[in-house]
Amino acid sequence: MANAMQELMDMKIWMLWRWATDQKGKPTKKPFAAKGGATGTDDKWSHTWVTYSEAVKAKEHNSAAAGVGFKIPKGYYFIDIDHKELTDPLVQTILARHDSYAE
């Protein structure tokens with residue numbers, strides 16, 4: 001899986017995000033391009049995406065950036081399980097069924 005992580009890090013799929021408030025007043029992550037300006041996760045924005053290292057470097061120089069995000073590339077899928085420990089039986093079942101990276 002380490003190779004898959006490096007493969008993802010080398011892809012131009014990365015962007016920055018900042019905290020914003022949605023229409024209901026709830027905090028949300030709003031993406032923006034590492035070089036500034038608008039971006040999104042639709043392929044029409046692919047010209048604004050950068051590699052992971054470029055995104056991390058851009059975040060270091062942009063005080064508005066709260067984090068680094070990415071577009072899920074074709075051929076990959078992600079399972080996001082929040083508020084569970086890796087030892088949780090549900091998490092262990094999911095990990096056993098998928099050859100995956102977990103954190």
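The values are calculated or read from the model by the stated rules, or taken from the named source; none is laboratory data. Please read these numbers as outputs of a predicted model, since none were measured by experiment. Using ideal geometry, Cβ is built from the backbone for each residue, glycine included, and neighbour counts are taken over all protein chains shown.
Yes/no per residue for (1) modelled with pLDDT of 95 or more; (2) in contact with a strand residue (DSSP E or B) (Cβ under 6 Å, 6 or more places away or on another chain); (3) surrounded by 17 or more Cβ atoms within 10 Å (Cβ to Cβ):
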{"position": "D10", "(1), (2), (3)": "yes, no, no"}
{"position": "W14", "(1), (2), (3)": "yes, yes, yes"}
{"position": "W17", "(1), (2), (3)": "yes, yes, yes"}
{"position": "K29", "(1), (2), (3)": "yes, yes, no"}
{"position": "H47", "(1), (2), (3)": "yes, no, no"}
{"position": "A55", "(1), (2), (3)": "yes, yes, yes"}
{"position": "H61", "(1), (2), (3)": "yes, no, no"}
{"position": "A66", "(1), (2), (3)": "yes, yes, no"}
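For region 31-45, what are the residues that are exposed (fewer than 12 other Cβ atoms within 10 Å of the Cβ) and touching a strand residue (DSSP E or B) at 6+ places or on another chain (Cβ under 8 Å)? Hit for region 31-45 is A38, nothing else.
Hey, can you tell me all the residues within region 68-92 that are surrounded by 15 or more Cβ atoms within 10 Å (Cβ to Cβ) and either among the polar types (S, T, N, Q) or in a loop (DSSP other than H, G, I, E, B) (or both)? Within region 68-92, K71 is the sole residue that qualifies. Can you name every residue in region 11-35 that is assigned to a loop (DSSP other than H, G, I, E, B) and within 22 Å of P73 (Cα to Cα)? Passing the criteria: M11, K12, I13, A33, A34, K35. Test L8 against the stated conditions and say whether it is among the aliphatic types (A, V, I, L, M), at negative phi and not in a strand (DSSP E or B). Against the criterion (among the aliphatic types (A, V, I, L, M), at negative phi and not in a strand (DSSP E or B)), L8 qualifies.
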